[in-house]
Amino acid sequence: MNETPHRYTAELAGQIEVAWQDRWQEWGTFHAPNPAGPWAEPEKVAGREKLLVLDMFPYPSGAGLHVGHPLGYIATDVFARYNRMTGKNVLHCLGYDAFGLPAEQYAVQTGQHPRKTTEENMVNMKRQLRRLGLGHDDRRTIATIDPDYYRWTQWIFLQIYNSWYDPEAEREDGGRGAARPIAELVEQFANGERPTPNGRDWVALSASEQSAILDGYRLAYTSEAPVNWCPGLGTVLSNEEVTNEGRSERGNYPVFKRNLRQWMMRITAYADRLADDLDRVDWPEKVKLMQRNWIGRSQGARVSFPVVGQDASIDVFTTRPDTLFGATFMVVAPEHPLLDSIVSQGDWPAGTKEAWTGGAATPKEAVAAYQLQASRKSEVERQTEGKDKTGVFTGAFATNPVNGEQVPVFVADYVLMGYGTGAIMAVPAQDNRDWEYATKFELPIIRTVQPAEGHPEDEAYTGDGPAINSSNDEISLDGMGVAEAKSTIIAWLEAKGFGEGTVSYKLRDWLFSRQRYWGEPFPIVFDEEGNAHAVPESMLPVSLPDVPDYSPKTFDPDDAASSPEPPLSRVPEWVEVELDLGDGRGVQKYRRETNTMPNWAGSCWYYLRYLDPANTEALVDPENEAYWMGPHATPVAGAPAGVQDPGGVDLYVGGVEHAVLHLLYARFWHKVLHDLGHLSSDEPFRKYFSQGYIQAYAYTDERGQYVPAAEVEETAGEYGGDPIYSWRGQPVNREYGKIGKSLKNVVSPDEMYEAYGADTFRVYEMGMGPLELSRPWETRAVVGSQRFLQRLWRNVVDEETGEVRVVEAPLDADTARVLHKTIDAVGRDYAALSFNTAIARLIELNNALTKLDAVPREAAEKIVLMVAPLAPHIAEELWSRLGHDETLAFAPFPKADASMLVEETVTCVVQIKGKVRDRIEVPADISEDDLREQVLALPKVVAATENGVRTVIVRAPKLVNVVPA
RNA sequence: GCGCAAGUGGUGGAAUGGCAGACACGCGGCACUUAGGAUGCCGUGCCCUCGGGCGUGCGGGUUCAAGUCCCGCCUUGCGCACCA
């Protein structure tokens, strides 16, 4: 009946794919040898280059994968497989980021324990990914929820907790500033080398006093500070997890500022290095820029303005100290700590304008009312109220140090406590915000930079120009440009003791605790005085207890007055412990820390565990870390001259959504571990590639409800108009966006395996376009990739008999040339992650082979090897049928014969005045003179150059451009 | 508002300053078929008086030659957003 029983159908593809997946597993094909540690196989490492390829750490979602998820995994797999065929020792594997909010929320929804649902989700995801044929080292699969894993997460926390940042420490790269053990700081305090902050003897201080001082230095510390409290999630969040609109990134709930005692990570100590070292890694500029913006380093000056009639001064940060002479008033944030003491106690001073008082009888009342009003505003309200300037006069004046002018001090919420010093000198002439405020409150404006020609009279001028109105008895900036004026005035301020050049950052310390159940417990206990103690390494891991009630206490999302309540605090038998911490104090009563770590903790270092997952002695054997991640001999392209290579993962592929979250946190942890001597590399991700997303169309009916995208029919519009979409006969609107359940446009990889097979799916995803671009999913287009693989199959296997049909014959010259050109191009494309163009080349070669009566063995074997990284199963199957016993995973990738890359004859394009007018076949090695002569003799050229020739451009052998007179 | 990308057929996309549209989808035709939503082959930027003309968001410029380089504008996407 069936005339083509051996056709490469989805069914046959499925059989082949599963069989090869079993073989790879059985043979341990993708096990990568380590130089040291428990899995040491130094003899297999010797003499090979290494390559460490990494995907972003996935969390096992209950919804399973959709076709967008595997895009990056396929890309890294193709790259890894290609490099394996060039002889490299390639490490590629995947683990699971299984703690955290999504896993917990899913568990809450389904009413089951998070561990159970998480493990089930991991099983499902592993099945989906295995069916894709990824060449992962499956021995190295890890999960953050595994106690053997989070033991090391806790160990790293202790390393950070037991460290401080010494800005004077010399680094091996010549820079200054590094993490050092806190014990060394204690020693400095104890032997008097470093005075304690309050000047008292270290040994005379109580344990609590010592503890409080050390908290001011530790890289992980607790502090009582305003944090982002999200009642809807029942937890606090880091700044990075809060959106511009003041809502939680996950769940979009309102977030409120609350003063709470929380764990923080002193990432600000690393601000400079995190910003500077971006120059040493190969990342997209866009992502580097996002990190630089987030760190927000700006050069400027701190200037002190003495408060008139008080023994106090207001410090401001400014990036424009050159404009000091134009400072006509000052503004402090409503939360500024000095505010209460500087507000004048009596009536409004003489000259107070009505607009400054906010309608209050005294400055004290006005400021109190304004503070209250500001404190009641949520972040959301600040946003929605727009940028209307509000504020009141404090009644106080401060002295401008450059000219002795007494300027009024205002309180206004356009100045933020969280940046700089929380106070500014206002220079309306050179700052738009200050201009607005000055105009609204009738304050003087003095230009101190000459505006450019044609600049509007009624606007601030923020550009460069010569300084004006900027002199006193000692100094004059007049005539200087902005840069020179800045350095001149800073030198003067420093000499007079009025201020100093300084740097300010937008980056804040990282809030590290969460009031959730499903996360790593802190290895911290509190004694009866409330002082924190590290749990000794020997007692790790501190296990997450099984509890009957793991769900977090959540609140009305708008209930700002609610307080977090960690689920672990409801387990007294776990919280209350008696321990001997080995610190000489013997067995004591302690209370465990009941907060848990954020899910970033486990994902901050997982790539390190991949290197040595079975190691029980260390998080990674130093030799393994140095082998896989150590610095290269030469820095990345574009790095400043003379810098050291930081090392790190050779290729990291993932979405840009983690540009300032995971990618910044991981860099910070990595640098701490580097400083403490645990890692030779100084950056985690040497090269990062930001992949695009696969999106899909979604359709809404007349009521705006989403309808199943798979059931929508498309019909051509009349007279070439736009196509019309309909669902069950009714017209629907098309939208473009994310793939998701709520949009009813999910396509799962399982459906693709079923309908086409994994290889076809892989080729389609890689062939759709460049990896960095987002593109729409189109199921009906997948068939093109299937046709390609079918033709490839047919070139080797007879569809009717199943016999191999290649012939033992030499290649004809044309085929040989196409083959070698393809080899040349495809190799370069793979190395450059240009998989879409590699596929196009392979299709062209395959189509050329299809036109032959029979395919010579050499061509068949080479195209099979070249296809193997993309479509490994069909390639293995054909390779095997061609008579090879072993996997082609390590078969050498074909090499192009350079002599085959040059054509004997070339089509030369003949242009007249830059337009193509003719073509001639010429020998590839034709001389310029011969070619010029031939072209000028062509009838069309002769006709066009009746009036003579102005010039002839010859680019032998491909192009001649004749320009007639 | 500030900053960064990107604009190429009906669609996804190719093109070291040198033949614009590789490859694929879709569409049209043909073959094979009881059948085709299978498979194969051919065609497919637009206009045309079949000579050719016009074409890479718009307007200028550099060049013998511009999708590519430069200037200005428009549009879209992304990031930041009272950051002093």
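At a glance:
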read-out	value
Matching residues in region A:624-654 - criterion: being more than 16 Å from A:Lys687 (Cβ to Cβ) and either crowded, with 19+ Cβ neighbours inside 10 Å or of a type in the set (Gly, Ala, Ser) (or both)	A:Asn624, A:Glu625, A:Ala626, A:Tyr627, A:Ala641, A:Gly642
Given (1) farther than 22 Å from A:Val796 by Cα; (2) among the aliphatic types (A, V, I, L, M); (3) at pLDDT 90 or above, index of the condition A:Ala898 fails	(3)
Hits in region A:493-527 (condition: hydrophobic (A, V, I, L, M, F, W, C) and either touching a residue at least 24 places away in the same chain (Cβ under 8 Å) or in the same structural domain as A:Ser603 (by TED's automatic domain parsing) (or both))	A:Leu493, A:Phe498, A:Val503, A:Leu507, A:Trp510, A:Leu511, A:Phe512, A:Trp518, A:Phe522, A:Ile524, A:Val525, A:Phe526
Which numbered condition A:Pro321 fails, given (1) within 16 Å of RNA strand B (Cβ to nearest atom); (2) surrounded by fewer than 23 Cβ atoms within 10 Å (Cβ to Cβ); (3) closer than 29 Å to A:Lys353 by Cβ	(2)
Test: residue in region A:337-345 that is modelled with pLDDT of 90 or more, over 24 Å from A:Gly420 (Cβ atoms) and among the β-branched types (Val, Ile, Thr)	no
Complete set of residues in region A:367-418 that are acidic (Asp, Glu) and modelled with pLDDT of 90 or more	A:Glu405
Residue match in region A:150-158 (condition: touching a strand residue (DSSP E or B) at 6+ places or on another chain (Cβ under 8 Å) and at pLDDT below 95)	no
Single residue of region A:903-920 satisfying the filter (at negative phi and assigned to a loop (DSSP other than H, G, I, E, B)) that is farthest from RNA strand B (Cβ to nearest atom)	A:Glu904
Checklist (1) touching a helix residue (DSSP H, G or I) at 6+ places or on another chain (Cβ under 6 Å); (2) without any contact (Cβ under 8 Å) to a residue 12 or more places away in the chain applied to A:Ile694, failing item	(2)
Top-ranked residue in region A:327-355 [being part of a helix (DSSP H, G or I) and in contact with a strand residue (DSSP E or B) (Cβ under 8 Å, 6 or more places away or on another chain); ranked as farthest from A:Ala374 (Cα to Cα)]	A:Ile342
Unmet requirement for A:Thr462, which otherwise passes all of (1) farther than 30 Å from A:Gly246 by Cα; (2) under 35 Å from the mean Cα position of the chain (by Cα); (3) among the β-branched types (Val, Ile, Thr)	(1)
Failed condition for A:Glu459, given (1) touching a Pro at 6+ places or on another chain (Cβ under 7 Å); (2) without any contact (Cβ under 8 Å) to a residue 60 or more places away in the chain; (3) of a type outside the set (Ser, Thr, Tyr)	(1)
In region A:826-861, the residues that are within 9 Å of RNA strand B (Cβ to nearest atom) and over 19 Å from A:Asp897 (Cβ atoms)	A:Ser834, A:Asn836, A:Thr837, A:Ile839, A:Ala840, A:Ile843, A:Asn846, A:Asn847, A:Thr850, A:Lys851
Residue match in region A:69-78 (condition: within 16 Å of RNA strand B (Cβ to nearest atom), buried (at least 22 other Cβ atoms within 10 Å of the Cβ) and within 15 Å of A:Phe890 (Cα to Cα))	yes
Any chance A:His670 is over 27 Å from A:His31 (Cβ atoms) and touching a Phe, Trp or Tyr at 6+ places or on another chain (Cβ under 8 Å)	no
Count of residues meeting criterion [more than 14 Å from A:Leu849 (Cα to Cα), of a type in the set (Val, Ile, Thr) and surrounded by fewer than 17 Cβ atoms within 10 Å (Cβ to Cβ)] in region A:785-826	2
Residue count for region A:147-201, restricted to those that are part of a loop (DSSP other than H, G, I, E, B), without any contact (Cβ under 8 Å) to a residue 40 or more places away in the chain and of a type in the set (Lys, Arg)	2
Elements of type strands (runs of 3 or more DSSP E) contained in region A:222-318, each with 2 or more residues being within 16 Å of RNA strand B (Cβ to nearest atom) and under 24 Å from the mean Cα position of the chain (by Cα)	none
Some residue of region A:756-768 being outside the structural domain of A:Asp77 (by TED's automatic domain parsing), surrounded by fewer than 19 Cβ atoms within 10 Å (Cβ to Cβ) and either of a type outside the set (Asp, Glu) or within 12 Å of RNA strand B (Cβ to nearest atom) (or both)	no
Any hit, region A:874-891, residues being over 23 Å from A:Gln786 (Cβ atoms), hydroxyl-bearing (Ser, Thr, Tyr), more than 35 Å from the chain's Cα centre (by Cα) and modelled with pLDDT under 95	no
Among (1) loosely packed, with under 14 Cβ neighbours inside 10 Å; (2) modelled with pLDDT under 90 - the single one A:Trp229 does not satisfy	(1)
Any pair with Cβ under 7 angstrom, 6 or more apart, that starts in region A:775-794 at a residue that is more than 6 Å from RNA strand B (Cβ to nearest atom) and at pLDDT 95 or above and ends at one that is acidic (Asp, Glu) and assigned to a helix (DSSP H, G or I)	A:Leu789/A:Asp759
Residue check for A:Glu41: within 16 Å of RNA strand B (Cβ to nearest atom) and acidic (Asp, Glu)	no
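Conditions (1) surrounded by 15 or more Cβ atoms within 10 Å (Cβ to Cβ); (2) touching a Gly at 6+ places or on another chain (Cβ under 7 Å); (3) not hydrophobic (A, V, I, L, M, F, W, C), marked per residue:
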residue	(1), (2), (3)
A:Ile920	yes, no, no
A:Arg932	yes, no, yes
A:Ala944	yes, no, no
A:Asn947	no, no, yes
A:Lys958	no, no, yes
A:Val962	yes, no, no
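The values are calculated or read from the model by the stated rules, or taken from the named source; none is laboratory data. As the structure is a prediction and not an experimental result, all values here were calculated from the model. Quick reminder, even Gly has a Cβ in these numbers, built from the backbone with ideal geometry, and neighbours come from all protein chains shown.
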